[in-house]
Every structure is written in C-alpha cells, then in structure tokens.
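Report on one structure; see the data block that follows.
The values are calculated or read from the model by the stated rules, or taken from the named source; none is laboratory data. Source: prediction; values computed, not measured. All Cβ positions, even for glycine, are placed from backbone atoms using ideal geometry, and neighbour counts span all protein chains on display.
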Amino acid sequence: MFQDPQILRALPIGVFDSGIGGLTVLRALRAHMPNEDFIYLGDTARLPYGTKSPETVQRYALQAADFLFTRGIKCLVVACNTASATALPLLQQRFHSVPVIGVVEPGAAAGCAASQSGSIAVIATESTVQGGAYQKAIKRIRDDARVVARACPLFVALAEEGWVTGQIVEDIAHRYLDGLFSVAHAPDTLLLGCTHFPVLRDALRRVVGSAIHLVDSADTTAVALAQLLASQKLSAPVTGSGSSRFMATDGRERFARVAAFFLDQPLNSADVELVDPALVSA
C-alpha cells in the first residue's frame, strides 16, 4: 500500500457494497467530490449480506476490501450498512494507514439532527437491526433519543429488482411501517438504514406522510469523507473531472440495468467489469 501522500492523492476512492444499493452512496460522493476518481465493487455473487451471520459478513467485507486495495485506492467507503455495522472496526484496524469510513455513524448523526422530538425509527436489514448498530450510534450522539428499529428485508429485493414504485411496493411498506407510526409518541424521523432504501423514497413518503423526516446516510457520508480527505491532504487536485469504474462479481447485465435507478443515469453493461468471485474471496 502506498504511503506517500502525493501518490495517494492521485489514487481513486474505493467503494463497496454487497450489491447495487451502495450506488446511492457513490452518487452522493460524486456530487460532493466531482474531481475524485472512484472504483465501485458490488459483491453481487454473495448478496444479500443482511441475512448472513456477523462472522460471514466480516469475512466478506475483509475480502472485498483486500481486493479493492490490490487495485490501488487511497481510502475505502463501506457503502453497506450491514458491513459498516459489523465489520468497520476490523477494516479500520487492517487498513489503519488510510481513511476507512462507513455509513452508520454519519447516518445516525443525520437522523439525530433531523429529529425534533428525539423519537427516531430505523429501518434496515435483519443483521443491522439485530446488531443494534444504529440504536447504539444514535444514543451516543443523543442520549435522550427514543429509537425503534425494524427489519425490512423485502425492500432490498424490491430495490435490486428495480421495483421502486407502485401498489405492491406501497402495500409492503404499509405492512412494515404502519405499526411504527400509528402509536402515541410516534417517531418524527425515519432513518433509512440500508443503502438500497433511498430509491424507495417516493413510495415511503406516500406511506408515512409529509410530516415525517426521511433521512439516509449518503449525503452525510460524502460530506464526512470530503472533510476527512481534506484534513489529511488527500483530496484530488481540483482541476479536471473524476471518473468511475464499476465492478461486480456476478450479473453484469443485471447490475447495469438496475444501477440506472440508483445512479439516475444509464449504465452500459460493457462498462461493468465482471470479477471472478474467487479473486475477491482469495
């Protein structure tokens, strides 16, 4: 791994997720840091991470990170809530000489800032909810907060299929969310604790109503990383425009098709590098 800051500045930022959801984070990163280059890895052959054991998620995350660092990156963004909640300390320990940032802490901070009452609902994958990462992070920031968390695993499948609007999506959202917002002292903020969920924002808004704050971690993570790179003098030069490379461990055509929903722009399958899962898991 390069240590010279001048060399590091010219390297891309590595971003990984279990699949396509992390592209919502990449989109925010590109908006906030248009001069930076990015490499995105979607471990689509092994998704979803959210139903795996913590030990398996940690192993997958370390393998994905190792692979990205062999491609030459100056920092790592764990654009997966499950991996951030489960594996971030291990990743930061292994790659201690460069910035490694997850999405849980920035998301928790955004949720606390948005909530006036301190009552916050978190929706995420089973693993993230059961691990309590968001609950703990919110309490660290705001000890008076009241946090309720609910696993919404079908949202991941809907997002991966590109089913982001319509009656089916809203019916499922009602099934998951109605009980959270029909009680006394109901939350005033809904924190989207999975990077897949922002593409369902319009459907979620119709279900919970206009009074509820919807918060995701993408923008907050991008701001936090931009500040971190600047403080360590690792930001790319301000001249020129950045580029993005895409890699997936399975389903290049499907990745490109569904990625359009997350990036809000078309992506050609020829622009997605198919990576042998054995190389990532080596």
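Would region 24-41 turn up any residue that is without any contact (Cβ under 8 Å) to a residue 40 or more places away in the chain and under 18 Å from the mean Cα position of the chain (by Cα)? Let's see the steps before the verdict.
First pass over region 24-41, keeping only residues without any contact (Cβ under 8 Å) to a residue 40 or more places away in the chain: none.
Within region 24-41, not a single residue is without any contact (Cβ under 8 Å) to a residue 40 or more places away in the chain and under 18 Å from the mean Cα position of the chain (by Cα).
Check whether at least one residue in region 232-248 is among the charged types (D, E, K, R) and either free of Cβ contacts under 8 Å to residues at least 60 places away in the same chain or within 18 Å of residue 40 (Cβ to Cβ) (or both), and report yes or no.
Taking region 232-248 and keeping what is among the charged types (D, E, K, R), we get 233, 245.
When the remaining residues are screened for being either free of Cβ contacts under 8 Å to residues at least 60 places away in the same chain or within 18 Å of residue 40 (Cβ to Cβ) (or both), the result is 245.
Within region 232-248, one or more residues are among the charged types (D, E, K, R) and either free of Cβ contacts under 8 Å to residues at least 60 places away in the same chain or within 18 Å of residue 40 (Cβ to Cβ) (or both).
Could you look through region 162-191, keep only residues that are among the hydroxyl-bearing types (Ser, Thr, Tyr) and in a loop (DSSP other than H, G, I, E, B), and pick out the one that is modelled with the highest pLDDT?
165
May I ask you to list the residues in region 188-208 that are crowded, with 17+ Cβ neighbours inside 10 Å and either free of Cβ contacts under 8 Å to residues at least 40 places away in the same chain or not assigned by TED's automatic domain parsing to the domain that holds residue 173 (or both)? Reasoning before the result, please.
So the first thing to find is which residues in region 188-208 are crowded, with 17+ Cβ neighbours inside 10 Å, and the list is 188-200, 203-204, 207-208.
Within region 188-208, 203, 204, 207, 208 meet the criteria.
Only one of (1) buried (at least 24 other Cβ atoms within 10 Å of the Cβ); (2) assigned by TED's automatic domain parsing to the domain that holds residue 15; (3) more than 17 Å from the chain's Cα centre (by Cα) fails for residue 82. Which number is that?
The failed condition is (3).
Go through 110, 121, 159 for me and flag whichever is part of a strand (DSSP E or B), hydrophobic (A, V, I, L, M, F, W, C), touching a residue at least 40 places away in the same chain (Cβ under 8 Å) and within 17 Å of residue 198 (Cα to Cα). Walk me through how you get there before you give the answer.
Details: 110 fails: part of a strand (DSSP E or B); 159 fails: part of a strand (DSSP E or B).
So the residue among 110, 121, 159 that is part of a strand (DSSP E or B), hydrophobic (A, V, I, L, M, F, W, C), touching a residue at least 40 places away in the same chain (Cβ under 8 Å) and within 17 Å of residue 198 (Cα to Cα) is 121.
If a residue has to be surrounded by fewer than 21 Cβ atoms within 10 Å (Cβ to Cβ) and either touching a residue at least 24 places away in the same chain (Cβ under 8 Å) or aromatic (Phe, Trp, Tyr) (or both) to count, how many in region 54-65 make the cut? Break it down stepwise before answering.
Step one: of region 54-65, the residues surrounded by fewer than 21 Cβ atoms within 10 Å (Cβ to Cβ) are 54-56, 58-59, 62-63.
Right, trim to either touching a residue at least 24 places away in the same chain (Cβ under 8 Å) or aromatic (Phe, Trp, Tyr) (or both) and you get 54, 58, 62-63.
So the answer is 4.
Have a look at 137, 149 and point out the one that is part of a helix (DSSP H, G or I), modelled with pLDDT of 95 or more and not assigned by TED's automatic domain parsing to the domain that holds residue 85. Spell out how you get there, then give the answer.
Working: 149 fails: part of a helix (DSSP H, G or I).
That would be 137, the only listed residue that is part of a helix (DSSP H, G or I), modelled with pLDDT of 95 or more and not assigned by TED's automatic domain parsing to the domain that holds residue 85.
Scan region 237-254 for residues that are surrounded by fewer than 20 Cβ atoms within 10 Å (Cβ to Cβ) and closer than 15 Å to residue 32 by Cα and jot them down.
Of everything in region 237-254, those that are surrounded by fewer than 20 Cβ atoms within 10 Å (Cβ to Cβ) and closer than 15 Å to residue 32 by Cα turn out to be 237, 238, 239, 240, 241, 242, 243.
Looking at 211, 184, which one is over 20 Å from residue 32 (Cα atoms), without any contact (Cβ under 8 Å) to a residue 12 or more places away in the chain and over 19 Å from the mean Cα position of the chain (by Cα)? Don't jump to the end; show me each part of the working.
Working: 211 fails: without any contact (Cβ under 8 Å) to a residue 12 or more places away in the chain.
Result: 184 is the single residue among 211, 184 that is over 20 Å from residue 32 (Cα atoms), without any contact (Cβ under 8 Å) to a residue 12 or more places away in the chain and over 19 Å from the mean Cα position of the chain (by Cα).
Can you name every residue in region 137-165 that is within 17 Å of residue 188 (Cβ to Cβ) and touching a Phe, Trp or Tyr at 6+ places or on another chain (Cβ under 9 Å)?
Answer for region 137-165, where residues must be within 17 Å of residue 188 (Cβ to Cβ) and touching a Phe, Trp or Tyr at 6+ places or on another chain (Cβ under 9 Å): 147, 149, 150.
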